[in-house]
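Structure first, then comments.
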Amino acid sequence: MKKILYIATTADSRNRLDGETIKSKLLKKYLEEIKDVKVISVDTDDWKKHILKLVFLIIINFLRCDKIVISSADKGSHIVLKFFEKIRTRKDIYYFVIGGSLYRNIIENNWKTSTYSNIKQIYVESNILKNDLKSININNIETFNNFRRVEKFKNNYKKTDIVKFVYYGRVIKEKGIEEAIKLIKRLNEGNINCTLNIYGQCETEYLHKISNMFSNKIKYHGEIKPNNSREYEILSQYDIFIFPTEYQGECLPGALIDAYISGLAVIASGWKYAQEYICNNENGIIFEYKNYEDMYIKTKSLIENNKIAEFKKKSLLLSKQYLMEEVLKDFANKIISE
């Protein structure tokens, strides 16, 4: 039996629904289901408040484990990896990178590349990020898509004369929520009948700030607790996933995968990695980053050219490459055999 020390942000004691936590929970469950593997999990959520406890847990469980898997944000992972570098461990370390900022953080913070180049394997979500890291001699890298597990669910889509937009994810300014709302208002003013429903965790202060922008056509519905089917039953009601993100750490957003599984067309900003995941003019429209006039023009064109149904079908096809069983099928063998 292989003992795996799993160091990750799983938020076992509080309700976190961000992409990092969802991915880490899914990976933990996957590891626990591998035959002949015992998972020893250390939750790094809110680590600054529990630093001494975490150090103790990592050291004690490190002595008991055969291999190490890390799935946490860049800064927390860097601290853990530096510790393992200092003690010169020979145990295999597999690092699942969250988001797309690792290269930038290494450069801007002058992190030693040896901290990364000397571990067994790094898994990133983007070929662009992979090549960026290779340019600084970090070569032990594979590209693994972000992933989702999907249970059987009912597709609740019904075509109507109203174009139904949805946003799903963290409700924060950096994700472009306010720009999405402005877009829906402008489309309605131009006699394109549309609605926007917003789902996701939102801080009370920010919700209060944007609540005056809501109307009978723009509504906030609170969070969806994902269970691999309920979220898709809700999202599948809609036509278009709107994602005008400005978030600097964006790589392969889990919400984008959820949109594909739910069969949604996509309107998204051209963040650094967007072209890797969205087939422009096939399942979605990528508009120029932070250019909201371009967003309006391209969205209007998508609707007026009756492309939504075609885009929705393409998204469903694309969703297959993000299923957890497909993405991680070779990883189980590495954990057991290497």
For this session: Among the numbered conditions (1) surrounded by fewer than 19 Cβ atoms within 10 Å (Cβ to Cβ); (2) in a loop (DSSP other than H, G, I, E, B), tell me where I138 comes up short.
Result: (1)
Exercise. Filtering the range 231-254 down to residues that are more than 20 Å from T299 (Cα to Cα) and among the small types (G, A, S), which residue is surrounded by the fewest Cβ atoms within 10 Å (Cβ to Cβ)?
Worked result: G249
For this session: Considering only residues that are assigned to a loop (DSSP other than H, G, I, E, B) and without any contact (Cβ under 8 Å) to a residue 24 or more places away in the chain, look in the range 323-338 and name the one that is farthest from the chain's Cα centre (by Cα).
Result: D330
Exercise. Only one of W47, W111 is in contact with a strand residue (DSSP E or B) (Cβ under 9 Å, 6 or more places away or on another chain) and not polar (S, T, N, Q); which?
Worked result: W47
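Listed here are the residues, each with its yes/no results for (1) surrounded by 21 or more Cβ atoms within 10 Å (Cβ to Cβ); (2) charged (D, E, K, R); (3) at positive phi.
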site	(1), (2), (3)
N15	no, no, no
G19	yes, no, no
K35	no, yes, no
H50	no, no, no
I59	no, no, no
S72	yes, no, no
For this session: With respect to I70, determine if the residue is in contact (Cβ under 8 Å) with a residue 40 or more places away in the chain and either part of a helix (DSSP H, G or I) or farther than 16 Å from G249 by Cα (or both).
Result: yes
Exercise. In the range 255-310, which residues are buried (at least 21 other Cβ atoms within 10 Å of the Cβ) and among the charged types (D, E, K, R)?
Worked result: D258
Problem set entry | Candidates K23, K28, filtered to the one that is part of a helix (DSSP H, G or I), in contact with a strand residue (DSSP E or B) (Cβ under 8 Å, 6 or more places away or on another chain) and crowded, with 22+ Cβ neighbours inside 10 Å | K23
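No lab work stands behind these numbers, since they all come straight from the coordinates. The structure presented is a predicted model; accordingly, all values stated were derived computationally and were not measured. Don't worry about glycine lacking a Cβ; one is built from the backbone with ideal geometry, like all the others, and counts go over all protein chains shown.
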